């Protein structure tokens, strides 16, 4: 971890490094997407609220496409090159710090001078840093060719809200920092992934299970700084904008801090369930890129919808 990182970035990276993470559960029953586009969006939000990334992935793709995507993930894991020694050593050091017997006390001790430096160096410059950061992030969003126009609009709104929220006084608050560090240490211990090789060897379902634990930990860190992601997910509103056969558009709204963020989500019907059209297209494109054919169109689906 570079020593030049500001305190808030250190906390963010400590949280994000956990994004592989948990104990293997019994094989869960596969979730089925609802036969209504509004209910399908609500189901995705509920899965995120419950930190259930296994269910989220199952609700994101039709069963056949999900199975093929899972097989591709697992095949890539089995065929992956060994972990580079430098990457493994860096990961091992990080996880050792997060899971050591005095991890919380040591992290708070190391964080204190960074918080003090942040107080003295960044506070007066924050308006300029904030404006520059907003311009840079919005430009990066617009330049991202993998995002749809709707996703870009949504990302811009989220970035705007987060930049208004992010203030130096928030991140230099020692009490908040201690809560955040405690959440990171607890999450790292629960994940029980001491080596990078173990993390990268996870098949898709165990990886999503561990990712759910990492998500829960990230939410705790965010909440320490008054960013309540579960509150936002609890308040998700979905409204049907239009429907035509196997296609529909749903307006999704949720509170983010003191603002309401809205975007439209394109949905498609496959196998009598409704799914994010972008998720389906992305999964199919990934399979094609990996040398597999796209899933055949579902015959009779349009007729079923008309009926």
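Just so it is clear, none of the values below were taken in a lab; they were calculated from the coordinates. Everything quoted here is computed from the prediction, not taken from an experiment. A quick note on method: Cβ atoms are made from the backbone with ideal geometry, for glycine too, and the neighbour counts reach across all protein chains shown.
Roughly how many whole Å is it from the C-alpha centroid of the stretch 54-114 to that of the stretch 156-184? After rounding, the separation between the Cα centres reads 23 Å.
If R0 equals 51 Å, the separation of the Cβ atoms of residue 120 and residue 271 corresponds to a calculated FRET efficiency of about 0.30. Relative protection proxy for 242-248, 203-209, from highest mean packing down: 203-209, 242-248 (other beta-carbon atoms within 10 angstrom). Report note on the peptides 189-201, 263-275: ranked by the mean count of other C-beta atoms within 10 Å, highest first, their order is 263-275, 189-201. Between residue 84 and residue 286, the contour length at 0.36 nm per residue exceeds the Cα-Cα span by 70.2 nm.
In terms of its C-alpha gyration tensor, the stretch 71-145 has an oblate overall shape, because the principal axis ratio a/c (a ≥ b ≥ c, square roots of the eigenvalues) is not below 1.5 and a/b does not outweigh b/c.
Remark: the Cα gyration tensor places the stretch 98-237 in the oblate category, a/c being 1.5 or greater and a/b not exceeding b/c. If R0 equals 22 Å, the separation of the Cβ atoms of residue 76 and residue 150 corresponds to a calculated FRET efficiency of about 0.15. Here the ratio of the Cα radius of gyration of the stretch 181-268 to 2.2 N^0.38 Å is 1.47. With 0.36 nm allotted per residue and the present C-alpha distance subtracted, the residue 136-residue 102 stretch has 8.4 nm of extension available. When each of the peptides 59-72, 128-141 is scored by how many other beta carbons lie within 10 Å of its residues on average, the order from highest to lowest is 59-72, 128-141.
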